[in-house]
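Encoded as structure tokens, the structure appears first; notes follow it.
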Amino acid sequence: MPFIFNKDKSSYSGNESYKHIDELLKKSSYLKIISPYISLFYAKKLAYYSKYKKISIITVKPQTKNELIAFKYLTKLNNLMIFIKLLIYSIILEGISLAFKFYFAALILFVFFSISFLIFYLIYGSITSSKISLKISKKFVHEKIYIGNNAAIIGSANLTYNGTHRNIEYIEIIKDKEKIRSLENHFDSLWSQI
């Protein structure tokens, strides 16, 4: 059950923090995020939004398998691994075809994998060249701060599905330009220390 703490709706407590956080993620022209935990659900959203905006993230070293998958998604290691596997398979099949003197089969495989690489690039090219910068803090950073160009959110909600959709979390929505600038300065200072 949501609770709004004041008339201007600048404070919220409940299990629907996502309504405010997702709006900030979507509408801002850039994002600066501090969250110790980021789930795959939000990693995918951030990867999508990174096609249109620069995103800087401060987080901690992944602890669970889900966090590691999200981290790999954010850093595009998963797409790179798919590409490397396709390349290895094509080299092996080309080698086998040539070893058995199946030149026609080798030519067909070459054309097939060339087209596959082209399709792969067209699908994942914009994702692998995303504008996500990620820093892993050696010290545990427990802050949850989401900064956009016109608003910022601070509070207890991690950038996870549970943290924004299920848990009862407290957040403050900041629209004051000076406070946003102050949070950006804090983010930039922490960014330079990591």
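What follows is calculated from the coordinates using simple rules that are stated; it is not laboratory data. Model, not experiment: these values are computed from the prediction.
One table, with the values for the structure above:
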item	result
Above-threshold pairs, the threshold being 29 Å between Cα atoms, out of Lys32/Lys61; Lys72/Lys101; Lys45/Lys65	Lys72/Lys101
Relative contact order [Cα under 8 Å, 6+ residues apart], the chain, whole percent	35 percent
Whole-Hz ³J(HN,Hα) from phi, Karplus 6.51 cos²θ - 1.76 cosθ + 1.60, for the range 22-36, glycine and proline x	4, 4, 4, 4, 6, 8, 6, 7, 8, 9, 10, 10, 10, 7, x
Tilt relative to the chain, helix 40-49 - C-alpha long axis, 0 to 90 degrees, to 10	80 degrees
Crossing angle, helix 177-193 versus the chain [Cα axis fit, 0-90 degrees, rounded to tens]	50 degrees
Nearest 10 degrees, 0 to 90: helix 77-99 Cα axis against the chain principal axis	0 degrees
Segment Asp176-Ile194, length gained on full extension (0.36 nm per residue, minus Cα span)	3.7 nm
